[in-house]
Amino acid sequence: MRRAVLETRERSSDALPVRALCEDLCAGLASKDYLSEYLAIYHCVLGRCRYMRDPRTIELVRKPAIIASEIMAGRVPSVDCDDEATFIAACIEAVGGTARIVTCAFRDMFYDGRRQYSHVFVEAFEPKTREWIVLDPVAAERTKKMLRDIKAAKIWEI
C-alpha cells in the first residue's frame, strides 16, 4: 500500500490521473480549505466506489491511478478497505496534504506470534487545526463506533 502511494507521488504517469480527479473534485471549493478537500475525496469514494472483498486467498491492492481513471471514465470501481485507503492517501498527497495509513485489529488474534490486523483506513493531517482526520469509507457513519472497537492499531507513515 505504501509503495503504491509512493509510486503515485514519484511517477507522473501514476500521479496525473489522481491529481486530475482531485482537481475536479475540489474545483468549487475555496482556496486553502484543506478539510473540505479531504472530505470531497472521502465522499467521492463513498459515492463512486463499491465495496467488494478480495478473493479468499489473494490480497489485491489496486493502483490509485487505475481507480482514478475508472471514476473519471464514469465507471464504479469495486474496492476493499486497502484499495480505498491507498487511493485516499494518494489523493491527499496529490492535493499537497499529509496522510498516514492505519491498520487495526478488532480481536486479539495472533498467528506465529504476530498480531493479525483485519482492517485499514487513512488519517489525513489538517494543518489549520493540527489534527489527524479519520477517513474510512467502510466504517462511514459508524466511524466513532469502529474507533472504539479497535483492540490494537499500527500507524504507517508514508
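The values are calculated or read from the model by the stated rules, or taken from the named source; none is laboratory data. Note that the structure is predicted; figures quoted are calculated from it, not measured. A quick note on method: Cβ atoms are made from the backbone with ideal geometry, for glycine too, and the neighbour counts reach across all protein chains shown.
When you go through ALA153, ALA124 one by one, which is the residue that is within 12 Å of the chain's Cα centre (by Cα) and surrounded by 12 or more Cβ atoms within 10 Å (Cβ to Cβ)?
Numbers: ALA153 fails: within 12 Å of the chain's Cα centre (by Cα).
When all the criteria are applied, what remains is ALA124.
So, ARG56, is that one surrounded by fewer than 21 Cβ atoms within 10 Å (Cβ to Cβ), touching a Phe, Trp or Tyr at 6+ places or on another chain (Cβ under 8 Å), outside any helix (DSSP H, G or I) and among the charged types (D, E, K, R) or not? Don't jump to the end; show me each part of the working.
Numbers: surrounded by fewer than 21 Cβ atoms within 10 Å (Cβ to Cβ): yes; touching a Phe, Trp or Tyr at 6+ places or on another chain (Cβ under 8 Å): no; outside any helix (DSSP H, G or I): yes; among the charged types (D, E, K, R): yes.
Here the answer is no, as ARG56 does not meet what is asked.
Return the pair list, or none, for Cβ contacts closer than 6 Å from residues in segment 19-43 that are within 15 Å of GLY96 (Cβ to Cβ) and part of a helix (DSSP H, G or I) to residues that are charged (D, E, K, R) and modelled with pLDDT of 95 or more, at least 6 apart or on different chains.
CYS26/GLU37; TYR34/GLU126; LEU35/GLU126
Mind checking which residues of segment 44-61 are touching a residue at least 24 places away in the same chain (Cβ under 8 Å) and not basic (Lys, Arg)? Can you show your working first?
Start the filter on segment 44-61 by keeping residues that are touching a residue at least 24 places away in the same chain (Cβ under 8 Å), which leaves 44-46, 48-54, 61.
Within segment 44-61, CYS44, VAL45, LEU46, CYS49, TYR51, MET52, ASP54, VAL61 meet the criteria.
Which residues, counting only those in segment 1-55, are of a type in the set (Lys, Arg), farther than 17 Å from PHE125 by Cα and touching a strand residue (DSSP E or B) at 6+ places or on another chain (Cβ under 7 Å)?
The answer is ARG50, and nothing else.
Please go through segment 1-15 and give me each residue that is touching a residue at least 40 places away in the same chain (Cβ under 8 Å) and assigned to a helix (DSSP H, G or I), ordered by number.
Pass one, segment 1-15, residues touching a residue at least 40 places away in the same chain (Cβ under 8 Å): 1-2, 4-9, 13-15.
Of everything in segment 1-15, those that are touching a residue at least 40 places away in the same chain (Cβ under 8 Å) and assigned to a helix (DSSP H, G or I) turn out to be ARG2, ALA4, VAL5, LEU6, GLU7, THR8, ARG9, SER13, ASP14, ALA15.
Taking the condition of being of a type in the set (Gly, Ala, Ser), without any contact (Cβ under 8 Å) to a residue 40 or more places away in the chain and within 18 Å of GLU93 (Cα to Cα), how many residues in segment 112-130 meet it?
Applying the first criterion (of a type in the set (Gly, Ala, Ser)) to segment 112-130 yields 113, 118, 124.
Next, only the ones that are without any contact (Cβ under 8 Å) to a residue 40 or more places away in the chain stay: 113, 118.
Imposing the further condition that a residue be within 18 Å of GLU93 (Cα to Cα) reduces the set to none.
Number satisfying all stated conditions: 0.
Quick grid of which residues meet (1) touching a strand residue (DSSP E or B) at 6+ places or on another chain (Cβ under 6 Å); (2) in a loop (DSSP other than H, G, I, E, B):
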site: VAL76; (1), (2): yes, yes
site: ASP83; (1), (2): no, no
site: PHE87; (1), (2): no, no
site: ILE92; (1), (2): yes, no
site: GLY96; (1), (2): no, yes
site: VAL102; (1), (2): yes, no
site: ARG107; (1), (2): no, yes
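Every residue, every condition in (1) under 17 Å from ILE88 (Cβ atoms); (2) within 16 Å of the chain's Cα centre (by Cα), yes or no:
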residue: ARG19; (1), (2): yes, yes
residue: CYS26; (1), (2): yes, no
residue: ASP33; (1), (2): no, no
residue: ALA40; (1), (2): yes, yes
residue: HIS43; (1), (2): yes, yes
residue: ARG50; (1), (2): yes, yes
residue: ILE58; (1), (2): no, no
residue: VAL61; (1), (2): yes, yes
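Looking only at segment 110-158, count how many residues are assigned to a loop (DSSP other than H, G, I, E, B), at pLDDT below 95 and of a type in the set (A, V, I, L, M, F, W, C).
1
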